[in-house]
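Below: one structure, written as structure tokens.
Quick note: the coordinates plus some simple rules give every number you see, no bench work behind them. Quick caveat, the model's predicted, so the values are computed rather than measured. Positions of Cβ are backbone-derived with ideal geometry, glycine not excepted, and every protein chain shown enters the neighbour counts.
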Amino acid sequence: MTLELILIRHGETEWNKDRVFRGQMDMRLNATGIAQADVVSYLLKDKIFDAIYTSPLKRAVVTARRIAKPHGIEIRESPGLSDMHFGLWQGLTEVQVKERFSSAYRKWNTNPAWMKVPGGETTRKAWKRINSQLREILFMHGTGTVVIVSHRVPLKMMTAYLLKMTRGEITKIKHDPCAISIFDVPDRYNIKAITLNDSSHLKMLDLPPAEDF
């Protein structure tokens, strides 16, 4: 017996589209994000889920609820799955962050293992919070199918943890809006990635490809 772990990023918000740092700002899905969530819901409608966990931020909660609807199960909000706190970067565009925090932004994109976003969370603290929650979920569910709906950075950190990568290697990982990663988890030592950052299902929306931001 094994556990099928499905990691899903929330759908698009206006700040995703405009390349604005979100962090723990509580943004709602835009129309595209809702459509993306509904495509994922349709794709997974025949699955049997043992649990659906989500970040408590609105963009993740709404995505999780739409995925859960065909299954008639309640979602479980878990604060440990919240996005990384981006401090002074929250609400700024990528261009503005590059201009105002050039050194920190360069470090974020090249070697983020020990950095602290100005006014925000350290990557070390975020890694500990997020993957402690992941370990708790894995401990509670040894078999079956479990879904986690979260955010770009937490999903990168969970993926890195599952694949025995370091937190400094999260820059090698991508996770687009409403993309899906699936892991086979027979035990903590033999975890296998079945698919990573798969967004092929979103092609039916006939929209420009979603981006890892």
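Descriptive notes on the structure:
- Selection from region 48-65 of residues that are in a helix (DSSP H, G or I) and either crowded, with 23+ Cβ neighbours inside 10 Å or touching a Phe, Trp or Tyr at 6+ places or on another chain (Cβ under 8 Å) (or both): ARG59, ALA60, THR63, ALA64
- THR123 vs. criteria surrounded by 14 or more Cβ atoms within 10 Å (Cβ to Cβ) and in contact (Cβ under 8 Å) with a residue 24 or more places away in the chain: yes
- Among the candidates HIS201, HIS175, residue that is of a type outside the set (Lys, Arg), in a loop (DSSP other than H, G, I, E, B) and surrounded by 15 or more Cβ atoms within 10 Å (Cβ to Cβ): HIS175
- Here is the figure for region 89-104: residues that are free of Cβ contacts under 8 Å to residues at least 12 places away in the same chain and among the hydroxyl-bearing types (Ser, Thr, Tyr) total 2.
- Total residues in region 115-144 satisfying the condition of being aliphatic (A, V, I, L, M) and either out of contact with any helix residue (DSSP H, G or I) (no Cβ under 7 Å at 6 or more places or on another chain) or part of a loop (DSSP other than H, G, I, E, B) (or both): the figure is 5.
- If you go through region 24-53 and pick out every residue that is closer than 17 Å to GLU77 by Cβ, without any contact (Cβ under 8 Å) to a residue 60 or more places away in the chain and more than 18 Å from the chain's Cα centre (by Cα), you end up with 0.
- Qualifying residue in region 72-80 (condition: among the charged types (D, E, K, R), under 22 Å from ASP198 (Cα atoms) and part of a loop (DSSP other than H, G, I, E, B)): no
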